1. As I understand it, the value is the acute angle between the Cα axis of helix 107-144 and the longest principal axis of the Cα atoms of the chain; what does it come to in degrees, rounded to 10?
2. Listed highest first by mean packing, meaning other Cβ atoms within 10 Å per residue, what order do 87-96, 52-61 come in?
3. What does the C-alpha gyration tensor say about the overall shape of the chain? Classify as rounded when a/c is under 1.5, otherwise prolate if a/b is larger than b/c, or oblate.
4. Based on the alpha-carbon gyration tensor of region 96-142 and its eigenvalue square roots a ≥ b ≥ c, which shape applies: rounded if a/c is under 1.5, prolate if not and a/b is larger than b/c, or oblate?
5. Give me the one-decimal nm value for the distance between modelled label points at Ile126 and Asp165, 7 Å along each residue's Cα-to-Cβ direction.
6. What is the distance, in nm, between label points placed 7 Å from the Cα along the Cα-to-Cβ direction at Arg99 and at Lys115?
7. Taking only DSSP H segments of four or more residues, each worth -39500 (n - 2.57), what value at 222 nm results for the chain once the sum is divided by all its residues, to the nearest 500 deg cm²/dmol?
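Taken together, the values in this text are just the output of simple stated rules run on the coordinates, not laboratory data. Predicted model, so just to flag it, every value in this text is computed and none were measured. When we count neighbours, we look across all protein chains shown, and the Cβ atoms used for this are built from the backbone with ideal geometry, even at glycine.
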Amino acid sequence: MLNEIKSDADSRMGKSIESLRQELSKIRTGRAHPSLLDHIQVEYYGNMVPVNQAANVTTEDARTLVVTPWEKPMVSVIEKAILSSDLGLNPTTVGTVIRVPLPALTEERRRELTKVVHGEGENAKIAIRNIRRDANSKLKELQKAKEISEDEERRGESEVQTVTDRYVGKVDEVVKEKEQELLSL
């Protein structure tokens, strides 16, 4: 029973780290990366889908993304979606190819982005602490139901805390990596 609670908390905390990595990949660092456009949605045959499901997104060089829609009518739709996104990008269209140049980041913008990165890291830590709280409350319920002893409950809480500390450390590492990536360009 204790191992199940601990492994459940461990896997959920691991998913929080993956979610954090995914969120941080959306924060651009000045380098072109196809995943930069993943969260932009376009209408494709009546359904809202990510750009990468309606077009091929590749990097031309370090500062340029190339978007090649599967169908010609999608060119203007994708271009408008990129323009209206929160990324502040200005795509240019040549025939059926959309080029998205990434402007260089200013020092001020980099500082703003590091604050965003720290905010995302804090959100991940909150999620991890919530998972710890859930695991500890399950342990308390088991102890109240007399399925485990008080000593087992304390040991379980200690093990959950160890797992929590490890994942909070991972969050700090991921945030630090992203911050260095932002400031090193």
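1. 30 degrees
2. Highest mean packing first, the order is 52-61, 87-96.
3. prolate
4. Verdict is oblate for region 96-142.
5. Output for this residue pair reads 2.5 nm.
6. 3.5 nm
7. Value at 222 nm, helices only, nearest 500: -20500 deg cm²/dmol.
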